[in-house]
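Heads up: the structure comes next, in structure tokens.
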Amino acid sequence: MPLSLGFVPTVQSGASGLPTRDKFPLTGRFYFGIMKLSIDLSAQGWPRVVILTVLGTICCIAFAFAFDSYSFEDGAWRWGSNPINNLIIPLLLAPPFFLYLLGKLRQLAIANAKLLAVATTDGLTSCLTRTAFATLVDAYLERVSEQQLAASGALLVMDVDHFKSVNDRFGHDAGDEALKLIVSSVTSTLRQDVDLVGRMGGEEFGVFLPGLSPQRMLAVAERIRTAVKEAHFCPTGTRCDLSVSIGAVAFDRTASFSELFKVADSRLYHAKRNGRDRVEFEQYGPAVH
């Protein structure tokens, strides 16, 4: 079983295959009979604000009773002269204070999440940027190494064939739509919240497949190639065929993103040279048994 990539940001970004993925809010689930109630306890959710406000108010009431009941002169505990004030005053003051403070922290968390999503998500295709993609892959590989687990998986680097001719024939707007269609076709073949898709630049994309054997990786790569081939791209009402060339590298030992990318990019070059619309594969390290 592959480790969860457990990411990073996300406000739902869709095609990242992650963060979609949202991929990491803390959620509590409570069951009442057959009804399931899902409560968002993330820093961006109102339930967290309400729960912490209630807990904070209770703490204020407890502190008020403790402070009023303790005698600093003789060290004895006794009810104060007017204990009801220890309940009324915290109930009047604490909830507005905590709601305001925690509400501002919630707004800050939402703003930070949006900024992080903008920084890590490609604006056109909604998949990861090259930097975010490389960072996540390296983080996964480092985690596997630190936990002394068997490293396995694959990295695919794909490039859209003859993409310049698409821009020249139909314009850059149509080219942008083609890229979005290709990413949608690619992500439809992948495992949600496990596999990663990143835009390496221009019409080149990367796909990270943790925990897959070379055989399964090749099957996924062929599904991607076929899905793009079968995509309906009709910028002028007439279908225009799209295709991708894919360079793939499988690994079963510790590696870094840069090492894997170098091999996969070399395989991509061979796929282009050998006719395009094909998958070229290389094993990185000893063969997986």
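All of the numbers you see were taken from the coordinates with simple rules; none came from a lab. Here the structure is a predicted model, which means the values were calculated and not measured. No Cβ is skipped: glycine too gets one built from the backbone with ideal geometry, and neighbour counts run over all protein chains shown.
Assorted remarks:
- Segment residue 108..residue 81, full-extension length gain: 5.5 nm, with 0.36 nm per residue of separation and the alpha-carbon distance subtracted.
- Reachable aspartates and glutamates from residue 164, criterion Cα separation under 16 angstrom, eight or more residues apart if same chain: 173, 176, 177, 203, 204, 241, 277
- Antiparallel bridges, percent of DSSP beta bridges restricted to the stretch 58-215 (to nearest 5): 95 percent
- Modelled label positions at residue 269 and residue 239, each set 7 Å beyond Cα in the direction of Cβ, lie 3.5 nm from each other.
- Projected label distance in nm at residue 97 and residue 50, using a 7 Å step from Cα toward the beta-carbon: 2.3 nm
- Length released on extending from residue 223 to residue 276, taking residue separation times 0.36 nm less the Cα-Cα span: 17.5 nm
- Cα gyration tensor shape for the stretch 106-197, rounded if a/c is under 1.5, else prolate or oblate: oblate
- Sites residue 39 and residue 115, calculated FRET efficiency, Cβ-Cβ separation with R0 25 Å, nearest 0.05: 0.45
- Spin-label pair residue 162/residue 188, simplified geometry with 7 Å Cα→Cβ offset, distance in nm: 2.2 nm
- Taking a straight line from the alpha carbon of residue 114, these aspartates and glutamates sit under 15 Å away, with near neighbours fewer than eight places off in the same chain left out: 22, 122.
- Between the beta carbons of residue 283 and residue 89, assuming R0 = 51 Å, the FRET efficiency works out to 0.10 to the nearest 0.05.
- Extension gain for residue 253 to residue 67 (0.36 nm times residue separation, less C-alpha to C-alpha distance): 60.9 nm.
- Across the stretch 206-268, C-alpha contacts under 8 Å between residues 6 or more apart give a mean separation that, scaled by the residue count, equals a relative contact order of 26 percent.
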